Amino acid sequence: MSAASVDPPLPYDRHQVTPGIVHLGVGAFQRAHLAVYVDDILRLDPSWGIIGASLRRPDTRAALVPQDCLYTLIVRDDTATNTRVIGALLDVLDATVQREELLAAMAHPRTRIITLTVTEKGYCHDPATGRLDPRHPDIQHDLANPHVPVSVPGLIVRALEMRRAAAAPPLAVLCCDNLPANGETTARVVTEFATMKDDDLANYIAREIAFPSTMVDRIVPATTEEDRALAQRVAGHLDAWPVVTEPFTQWVIEDRFPGGRPPWERAGAKLAADVKPYEMMKLRMLNGSHSTLAYLGYLAGYGHIAEAIANTSFHRLIYDFMTEEVMDTLPPGLGDLVLYRDLLLKRFANTALKHRTWQIAMDGSQKLPQRLLGTIRARLARGLPATRATLGVAAWLRYASGTDEHGKEIDVRDPLAKRLRVALSSTSPAVALDRALTMNEVFGADLPCNEAFRAELLKQFQLLWERGALETVRHLLKYGRQ
Ligand code: CS2
């Protein structure tokens, strides 16, 4: 898809589009979510184009820039496949070699929003407390080299420092990652990092910069070679980096944008005063189910989520998990949770999406606190069992031990992978668990001391080793019902 050979049917004049947003982390998700919400409103206001940046890899820029940053959005389910060209992305920078350009774009007065999808681990925080981890190697690097930052907090703080020096207008930093209270969490890591450098800068940030929270939702698997072939087949052009997603999309945004914002409500986003209940619902229902299904599914030999949920025992487990364990931990006012649950089960079953269990299994140490441990804490506090949620945690630990049910090596991707593997290497499940539970950055200070939690976790963990994932789920369905 070169600009010369394709005349994309964009409903706006792309030459009129100017950048108003700088986005960190140009992954598949951002290109199927935020970029689409922006693309939808550019005909109303062309001043919100996006300059994207890849923080760690050159391949996104290498693929997209030669095609003018245009790419194909392929929306699929079991009944239909639709394609559309997205033009909202104006440039993609490779931060590893274009750091100065990126900082200049973030600090430019016309930039009114900095958006982020850098995954949970990008915030360099302690997942259990949501606070900056000052020992994180990237944070250490940025404290020693503040003008050449590599971490997300370091980049933002340096850009804000440049904005302050240039008296640039205020802006919003909008976290679009699956973190609890994601605006507050981002504000906290940025402010804590700024405080380590300069109190005045931290005060400026508190005064001038907004960190709205958002709930983002769209299932977007990583792009594969088959997706490239599909783009060529269905859209009729070559595309080095198309993105495949589902029809469903949701975005709830806290409306705090001191530098203005695109009219995203015209693209279907919901602007709300308080996003927390929506975040909690999505993290606990969707992502909690996703992670549970990913670990158990992978262990049982399922490569993709749609295959795992097609197994009736797994389907029942996830149905029960949401219905009996998660739903009553959620705040009121979220609408019909039964419908929400049923829609999730349908979305998981979309066989047109090749969503790898291995992909979702990544970074469990960063994901599980908000996906499963919150549910477990809420239930323990009320003296209620959390058997299924605890099975999800046990399955993560079983997976993180590094070998599958046939003794084959698992490629575990997690910032704590090495420590987990060492902790879980004991042949005694009780010893392995005790060692894993010393990871306060995941489990907090409370859960490791909770006897009910520890006993349930040990039971599930042992069963997983003895019987394997599928039999453990069957066992729980048979004997473990409340
Ligand atoms: C998934 C999410 O990879 C994962 O961990 O659970 O990316 C999920 O697909 C999205 O949050 C859906 O909105």
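Take the eigenvalues of the Cα gyration tensor for segment 1-135, scale each by 5, and report the square roots as semi-axes in whole Å, largest first.
Computed over segment 1-135, the values are 27, 19, 15 Å.
Based solely on C-alpha atoms, express the radius of gyration and the Dmax of segment 223-351 in angstrom.
Expressed in Å, the Cα Rg and Dmax of segment 223-351 come to 17.9, 50.
Roughly what angle does helix 199-208 make with the longest principal axis of the chain, taking Cα atoms, 0 to 90 degrees, to the nearest 10?
On a 0 to 90 degree scale, this one is about 80.
Just from its helices, what would the mean residue ellipticity at 222 nm be for the chain, if runs of 4 or more DSSP H residues each count -39500 (n - 2.57) and the sum is divided by every residue, rounded to the nearest 500 deg cm²/dmol?
-12500 deg cm²/dmol
Provide the per residue accessible area, probe 1.4 Å, for segment 277-479, rounded to a whole number of square angstrom.
38
Listed highest first by mean packing, meaning other Cβ atoms within 10 Å per residue, what order do 360-366, 124-130 come in?
360-366, 124-130
Measure off, as a whole percent, the carbon and sulfur share of the 1.4 Å-probe accessible area of segment 309-397, all protein chains present.
In segment 309-397, the share of accessible area belonging to carbon and sulfur is 60 percent.
Relative to the longest principal axis of the C-alpha atoms of the chain, give the angle of the C-alpha long axis of helix 225-235, reported between 0 and 90° and rounded to the nearest 10°.
It is inclined by approximately 50 degrees.
May I ask for the Rg/Rh ratio of segment 96-159, computed from Cα atoms with Rh as the Kirkwood radius, given to two decimals?
Dividing the radius of gyration by the Kirkwood radius yields 0.98.
Any of K367/K459; K276/K418; K121/K478; K121/K282; K121/K354; K276/K478 with alpha carbons more than 30 Å apart? Name them for me.
Result: K276/K418; K121/K478; K276/K478 exceed 30 Å.
Pop the C-beta distance of L334 and T129 into the FRET formula with R0 = 35 Å and round what comes out to the nearest 0.05.
Result of the calculation: an efficiency of 0.85.
Where the accessible area of segment 180-262 is counted over protein heavy atoms with a 1.4 Å probe, how much of it, in %, is carbon and sulfur?
Of the solvent-accessible surface of segment 180-262, carbon and sulfur hold 49 percent.
Report, in whole Å, the centroid distance computed from the Cα atoms of segment 127-182 and segment 385-403.
What the calculation gives is 32 Å, centre to centre.
Accessible area per residue, 1.4 Å probe, Å², for segment 3-272: what's the number?
Value returned for segment 3-272: 38 Å² of accessible area per residue.
Tally Lys/Arg at +1 and Asp/Glu at -1 over every other residue whose Cβ is under 10 Å from the Cβ of P247; what's the total?
Residues near P247 contribute +1 overall.
Under a Cβ-only charge scheme (Lys and Arg +1, Asp and Glu -1), can you give me the dipole magnitude of the chain about the Cα centre, in debye to the nearest 20?
With Lys and Arg at +1 and Asp and Glu at -1, about 660 debye.
Starting from the 7 Å offset along Cα-to-Cβ, what nm value, one decimal, do you get for the label separation of H315 and A455?
Going by the 7 Å Cα→Cβ label model, 3.5 nm.
What would the Debye equation give as log₁₀ I(q)/I(0) for segment 223-266 at q = 0.27 Å⁻¹, counting only Cα atoms as equal point scatterers?
The Debye formula, applied to the Cα set alone, gives -0.92.
Starting from 0.36 nm per residue, how many nanometres of slack lie between T18 and L90 once their C-alpha separation is accounted for?
Between T18 and L90, full extension yields 25.1 nm more.
Using a Förster radius of 25 Å, what is the FRET efficiency between A206 and E265 based on their Cβ-Cβ separation? Nearest 0.05, please.
Efficiency, rounded to the nearest 0.05: 0.35.
Let me check the size of segment 296-335 from its C-alpha atoms; what are the radius of gyration and Dmax in Å?
Radius of gyration, then largest Cα-Cα span, for segment 296-335: 12.9, 39 Å.
Cα axis of helix 152-165 to longest principal axis of the chain: angle in degrees, 0 to 90, nearest 10?
30
Using the Cα atoms as the points, what is the convex hull volume per residue of segment 340-405 in Å³?
Dividing the Cα hull volume of segment 340-405 by its residues yields 122 Å³.
Calculate the length of the line joining the C-alpha centroid of segment 406-482 to that of segment 274-320, in whole Å.
Using only Cα atoms, the two centres lie 18 Å from each other.
Across 10 Å bins from 0, what is the distribution of all Cα-Cα pair distances for the chain, in whole percents?
Reading upward from the zero bin: 4, 20, 29, 27, 16, 4, 0.
Working out 0.36 nm times the residue gap between D446 and L343, then minus their Cα-Cα distance, what length gain in nm do you get to one decimal?
Gain in length upon complete extension: 33.7 nm.
Looking only at Cα atoms, what is the convex hull volume of segment 275-320 per residue, in Å³?
Cα convex hull per residue, to the nearest whole number: 62 Å³.
Rg to Rh ratio, segment 277-479, alpha-carbon atoms and Kirkwood radius?
Ratio of gyration radius to Kirkwood radius for segment 277-479: 0.93.
Which three semi-axes in whole Å describe the equivalent ellipsoid of segment 3-272, each the square root of 5 times a Cα gyration tensor eigenvalue, listed largest first?
Over the Cα atoms of segment 3-272, the ellipsoid semi-axes are 31, 19, 18 Å.
Roughly how many nanometres apart are two label points built 7 Å out from the Cα toward the Cβ at V97 and D411?
2.5
Where the accessible area of segment 92-164 is counted over protein heavy atoms with a 1.4 Å probe, how much of it, in %, is carbon and sulfur?
In segment 92-164, the share of accessible area belonging to carbon and sulfur is 54 percent.
Can you figure out the FRET efficiency of A430 with R467, using R₀ = 22 Å and their beta-carbon distance, to the nearest 0.05?
Efficiency at R0 = 22 Å is approximately 0.80.
The values are calculated or read from the model by the stated rules, or taken from the named source; none is laboratory data. As the structure is a computational prediction, the values presented were derived from the model and not from experiment. Positions of Cβ are generated from backbone atoms using ideal geometry, with glycine treated the same way; all protein chains shown enter the neighbour counts. Calculation scope for accessible area: heavy atoms of the full protein, side chains included, ligands and nucleic acids excluded. Shrake-Rupley method; radii C 1.70, N 1.55, O 1.52, S 1.80 Å.
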